[in-house]
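S.K.: I'd like to ask some things about the structure below.
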Amino acid sequence: MNWQRTKSIFILTFLVLNLFLGYQLYLKNDINNISRLTDQPLEERLANNEISLSEKLPKYKEKQTLISAQRYKFSEEEKKSPAKNVSLDKASTDITLHYDLSKPMDLPKKDTKDLISELNQFVEENITRGKEYAFYEWDKKSNVIWFTQVYQEKKVFYNPTNFGIVSEGKDFDVPNGMIMFKLDDKGNLTNFTQTYLFITRQGAFQQIISPSKALEKLLETNLQKGDHIQKVELGHYSLVGEGEVQVYTPTWFIETKDGQYLVNATDSSIQVLTEKAE
């Protein structure tokens, strides 16, 4: 027997074994480190990524239901506006109301909050079921301001990229449950279009994820280091864009300086509404 050769084999075997055990220890430590990072409080994880919040996370009810909705048909009485300088356009139908102002309405130019506040008052005082709508989006490029329907204090969310379809004037292409205000080149209100949804609860109450969990999910996929979170809001969103009856699920709307995201509050899936390209 060649003891020198046998000795070399034993040394080599122990070396390989040590390398294997060292690699296993490294994997174990790596997994533990990942686990510790995951177990970190959200505040620490955001701070580590230099992500800030404009305001505290909103309070919410832990159990919510789906809702179903369909386009509402306005009665002849509901089509009338109490405002003297507002008239129903002939292009209107039972489900989409087009109104013209005989004289453009002057709106605040310098302060966005003042403009929204004045439009809110106009909606409540002059539009059928106006108290059931809230400000949603201002497309300054197109001079269009959107108000969306609110159900039980939660907005119905939409994808802003679909709003441009309205310019084609097709009746059913006007987003459901919204008011579209059209401004002239001077920023004054000239006309608006209204649709409304008849909404009912759908199914039993179910547990939804918290705004913290929604942020954690987004932190894993879309949030970037240094992001500033401007808004976190619970509302309803439909994954189906067509059909007379649609089902909307509880959804977290999260807006940063560079993007808008929807996080499904029941299955944690994410939909990107807008996102600035890197």
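The values are calculated or read from the model by the stated rules, or taken from the named source; none is laboratory data. These figures come from a predicted structure and were not determined experimentally. Methodologically, a virtual Cβ is constructed for each residue, glycine included, from the backbone with ideal geometry; neighbour enumeration extends over all protein chains shown. Just the protein is used for accessible areas: all its heavy atoms, side chains included, with ligands, DNA and RNA removed. Shrake-Rupley method; radii C 1.70, N 1.55, O 1.52, S 1.80 Å.
S.K.: Let me confirm something: among A83, A69, which residue is hydrophobic (A, V, I, L, M, F, W, C) and under 23 Å from the mean Cα position of the chain (by Cα)? Give the derivation first.
M.R.: On the way: A83 fails: under 23 Å from the mean Cα position of the chain (by Cα).
From the options A83, A69, the qualifying one is A69.
S.K.: Enumerate the pairs (first residue in region 220-240 and over 26 Å from V150 (Cβ atoms); second residue anywhere and part of a helix (DSSP H, G or I) and at pLDDT 90 or above) with beta-carbon separation below 8 Å, excluding pairs fewer than 6 apart on the same chain, so at least 6 apart or on different chains.
M.R.: Every condition considered, the pairs that remain are L223/L215.
S.K.: Moving on to the next point. Can you pull out every residue in region 90-121 that is without any contact (Cβ under 8 Å) to a residue 24 or more places away in the chain and more than 23 Å from the chain's Cα centre (by Cα)?
M.R.: Of everything in region 90-121, those that are without any contact (Cβ under 8 Å) to a residue 24 or more places away in the chain and more than 23 Å from the chain's Cα centre (by Cα) turn out to be K90, S92, D94, S102, K103, P108, K110, D111, D114, E118, Q121.
S.K.: If you don't mind, there's one more thing I want to ask. Give, as residue ranges, the strands (runs of 3 or more DSSP E) completely inside region 190-278 that count at least 2 residues that are open to solvent by 10 Å² or more (accessible area, probe 1.4 Å) and either at pLDDT 95 or above or out of contact with any Asp or Glu (no Cβ under 8 Å at 6 or more places or on another chain) (or both).
M.R.: 197-207, 228-237, 245-256, 270-275
S.K.: Right, another one. So F172 fits all but one of (1) exposed (fewer than 15 other Cβ atoms within 10 Å of the Cβ); (2) assigned to a loop (DSSP other than H, G, I, E, B); (3) modelled with pLDDT under 90; what number is the exception?
M.R.: (2)
S.K.: Return the total of residues in region 48-69 being within 14 Å of H236 (Cβ to Cβ) and of a type in the set (S, T, N, Q).
M.R.: Residues flagged as within 14 Å of H236 (Cβ to Cβ) and of a type in the set (S, T, N, Q) within region 48-69 amount to 3.
S.K.: Take Y136 and tell me if it is surrounded by 15 or more Cβ atoms within 10 Å (Cβ to Cβ) and assigned by the TED database to the domain that holds D185.
M.R.: Spelling it out, Y136 is indeed surrounded by 15 or more Cβ atoms within 10 Å (Cβ to Cβ) and assigned by the TED database to the domain that holds D185.
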